[in-house]
Amino acid sequence: MSKNPEKDRLLEDTAHKTFWKEWGPYLSEREWGTVREDYSAEGNPWAYLPHDHARSKAYRWGEDGIAGISDIHQKLCFALALWNHQDPILKERLYGVNGMEGNHGEDVKELYYYLDNTPTHSYMKYLYKYPQKAYPYEELVKTNQERSKEDSEYELLETGIFDDNRYFDVEVEYIKNTPKDMYIRITAVNRGDEAAPLLILPTLWYRNTWDIGQEEKPKIRIKNPENNPTLQATHEELGTYYLYGQEADEALATENETNTKRLYQRDNASPYVKDAFHDVFVAGNRRLLEGNESGTKCCMVYDLMIDPSDTAEIWLRLTTRPEDSLNVEEAKEVRGKRIREADDFYEPLYPKTAGKAEKQLQRQAFANLLWNKQFYHYVVEQWLEGDPGQPKPPEERKNRRNSDWKHLYNRDVLNMPDKWEYPWYASWDLAFHCIPLALIDAEEAKKQLLLFLREWYMHPSGQIPAYEWSLGEANPPVHAWACMRVFEIEREQGGEGDRDFLKRAFHKLLLNFTWWVNRKDRHGHNIFQGGFLGLDNIGLFDRSKPLPIDGHMEQADGTSWMAMYALNMMKISLELAAEDPAYEDLASKFFEHFIRISEAFNGLVSGEEVKLWDEEDGFFYDR
């Protein structure tokens, strides 16, 4: 038996022998308020699909949930819904103030923590702190709007909702037995000094792809509804999955369909809509789903009363194996095994001098990186044109946001900066993330970097997409640096680097470098401008727009990024030239680029002294 089973699983996945990554934490924590779900004329995603609509509207491009997982194409999803018998809504997704409500912009207002994860997601652990009082939605918005930009943000802890420890620690663990056979352990600890009720709804549902005619409508059926119910989910592509659980109070079924009556004052085709579970429990409409035993969104119901300091434990099993059920003792054995294997995987990665606290910090940092992998779906042409059988988008949208990126077809699992505040990729953030990712999963890091250079991501002009708010923004060109560092990290770990990866990346980066030279050196002086290029993105002026005065800006940071880009391309060329002399000429070319940028940066541009360097401050400035 191998000393490192998790590493073996990674090798099996890379070799396409066993698809260990078929399921993972790919469910977003916020799909509402995103550009891809915005079909408004004015292009205001926060207003078009706010949090208040999220529980009632079927999404077009993805799904969201708490501590959730999905298959790699996000056809089938699993997450928790919670209710403390006080909240005005069923807690199915994380809340936060939107870009217009927060005094510092959008901000998640929840306490949740990624505790553990492995690269194949064979073991994952997530903690959510759920208050026992009614969640203060209105107070958070009102107080944040009353504060100025100079004031701090009004956070959840300041509301007093966690006073006297009146909250639950809800932990969710996912334990893979095989790629399509997972145990799920849910624990809820009452941290308060009084017994408190908690409703836990483990929920299984399909992303709605049938309303746009992409595939046959799948079905989830409740088996044995009167006696220890099981959910049977059948899909033409995924096949059949079963969700077994410890004895539940009941199981409920509805459809992942928009509640048009609530949102648009139009009658629903049936009472079985997306927010039906909310109506059953919070609104008290207990008869709404009576007798309905199938749908595209189903849940098991655990209605608990938890004493002070006590822990409630629920075990479930999501599997394709119809002959199996849930054996808790076996599940506990697999859990212990996967935790030991996770320990064995991470142990060699710790610095030799690291103590227990440092090891925990590093491991949880890796967990955060892995939990923020998300299925991201955005096809710009379909988004602009609309879908068959759906209302046609306003004509104004066709020549506005991202209208010149019609080639873009994103449908992949990507590393996000954050699945709530930034549930969309940012290309230079992703490049940075691939460096630590390479330490634990070099194949995944290489795959992510190459993806952004593929023809369905990269613009025909050679530009790398920035982020969904504005795909055409210019982010700092760090992709070459990231590719070279991932190559070096893998070589340090395994004794040799993936030269095929480096070649594939380099050839596409040539196109991107040319785009920078032709599009962002406006005057041909080797001084580069435009876009979100500051060291923290922010400058005195919005450099993606014309200046508010006559003239143009010579950017110190944009130019320094390009000097770095030239050096990294030279470094890659030299690495490849060690085995193929054809790359020697390119190394010389990029060295020449660097010299010309350096001269322009520090001296004369077409006879005019640039003076980006300030002798007194010892710093480069925009001019």
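Table for the structure above
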| item | result |
| --- | --- |
| Binned Cα-Cα distances of region 274-335, short to long, each 5 Å bin given as a whole percent | 4, 11, 16, 17, 16, 17, 13, 5, 0 |
| Cut-off 10 Å between beta-carbons: net charge of the residues surrounding residue 194, Lys and Arg +1, Asp and Glu -1 | -2 |
| Viscosity 0.890 mPa s, 25 °C: Kirkwood-radius Stokes-Einstein D of region 210-278 over Cα pairs, µm²/s | 177 µm²/s |
| Region 386-515: translational diffusion in µm²/s, Stokes-Einstein, Kirkwood Rh over Cα pairs, 10 °C, 1.306 mPa s | 100 µm²/s |
| Dimensions (Å) - region 1-54, Cα atoms, principal axes, largest first | 58, 19, 11 |
| Percent RCO, i.e. relative contact order, over the chain, from Cα pairs under 8 Å lying at least 6 residues apart | 12 percent |
| On Cα atoms only, tilt of 5-14 relative to the major axis of the chain in degrees | 70 degrees |
| Entries in 274/419; 274/406; 129/297 that, when Cα-Cα distance is taken, lie over 28 Å | 274/406 |
| Spin-label model distance (nm) - residue 621 vs residue 133, 7 Å beyond Cα toward Cβ | 5.1 nm |
| Proportion of all alpha-carbon pairs of region 170-321 beyond 20 Å (%) | 55 percent |
| Neighbour cut-off at most 12 other Cβ (10 Å), DSSP loop, GluC sites (Glu not before Pro), region 1-54 | 42 |
| Convex hull projection area averaged over all views, region 118-172, Cα basis, nm² | 5.8 nm² |
| Candidates per GluC sites (Glu not before Pro) in region 424-476, loop by DSSP, up to 12 other Cβ within 10 Å | 455 |
| Translational diffusion of region 377-427, µm² s⁻¹ [Kirkwood Rh, Cα pairs; Stokes-Einstein; 20 °C; 1.002 mPa s] | 171 µm²/s |
| Space enclosed by the convex hull of the alpha-carbon atoms of region 537-592, per residue, Å³ | 99 Å³ |
| Potential lengthening between residue 385 and residue 349 on full extension [0.36 nm per residue; Cα-Cα distance subtracted] | 8.1 nm |
| Mean projection area, nm², convex hull over Cα of region 63-142 | 6.8 nm² |
| Residue 264 versus residue 285: modelled label distance in nm, points set 7 Å from Cα along the beta carbon direction | 1.8 nm |
| Accessible area (Å², per residue) of the chain, counting only protein heavy atoms and a probe of 1.4 Å | 43 Å² |
| Of all accessible heavy-atom area on the chain, the percent that carbon and sulfur account for (1.4 Å) | 47 percent |
| Heavy-atom accessible area ranking, 1.4 Å probe, most first, across 257, 155 | 155, 257 |
| Alpha carbon Rg of the chain, scaled by the compact-globule rule 2.2 N^0.38 Å | 1.03 |
| Low-density loop cleavage sites - trypsin sites (Lys or Arg not before Pro) in region 399-449, where at most 12 other Cβ are within 10 Å (DSSP) | 400 |
| Whole-percent pair-distance distribution, where bins are 10 Å wide, for the alpha carbons of region 240-350 | 11, 28, 27, 21, 10, 3 |
| Gain in span if fully extended, residue 195 to residue 309, counting 0.36 nm per residue against the direct Cα distance | 40.1 nm |
| Principal axis dimensions, region 143-212 - Cα atoms, whole angstrom, descending | 50, 44, 21 |
| Mean projected area (nm²) of the alpha-carbon convex hull when region 318-389 is viewed from all directions | 10.0 nm² |
| Under the Debye formula (equal points on every Cα, no solvent term), log10 I(q)/I(0) of region 127-244 at q = 0.18, 0.20, 0.22 Å⁻¹ | -1.02, -1.09, -1.20 |
| Hull volume in cubic angstrom per residue (convex hull over the Cα atoms of region 479-589) | 104 Å³ |
| Rg/Rh for region 1-134, where both radii come from Cα atoms and Rh is the Kirkwood radius | 1.05 |
| Enclosed volume per residue, in Å³, of the convex hull spanned by Cα atoms of region 75-121 | 170 Å³ |
| Label point at residue 15 placed 7 Å out along Cα→Cβ; residues across region 117-137 whose backbone nitrogen lies under 20 Å | 119-122 |
| Length gained when the stretch residue 470-residue 217 is fully extended (0.36 nm per residue, less Cα-Cα span) | 87.7 nm |
| Heavy-atom accessible area ranking, 1.4 Å probe, most first, across 397, 519, 491 | 519, 491, 397 |
| With all protein chains modelled, accessible area of residue 433 [1.4 Å, Å²] | 40 Å² |
| Residue-level accessible surface for residue 167, protein heavy atoms, 1.4 Å, Å² | 30 Å² |
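The values are calculated or read from the model by the stated rules, or taken from the named source; none is laboratory data. Only a predicted model underlies this, so the values are computations on that prediction, with no experimental measurement involved. With ideal geometry, Cβ positions are generated from the backbone for all residues, glycine too; neighbour counts draw on all protein chains shown. To get the accessible areas, we keep the full protein, side chains included, count just its heavy atoms, and leave off ligands, DNA and RNA. Shrake-Rupley method; radii C 1.70, N 1.55, O 1.52, S 1.80 Å.
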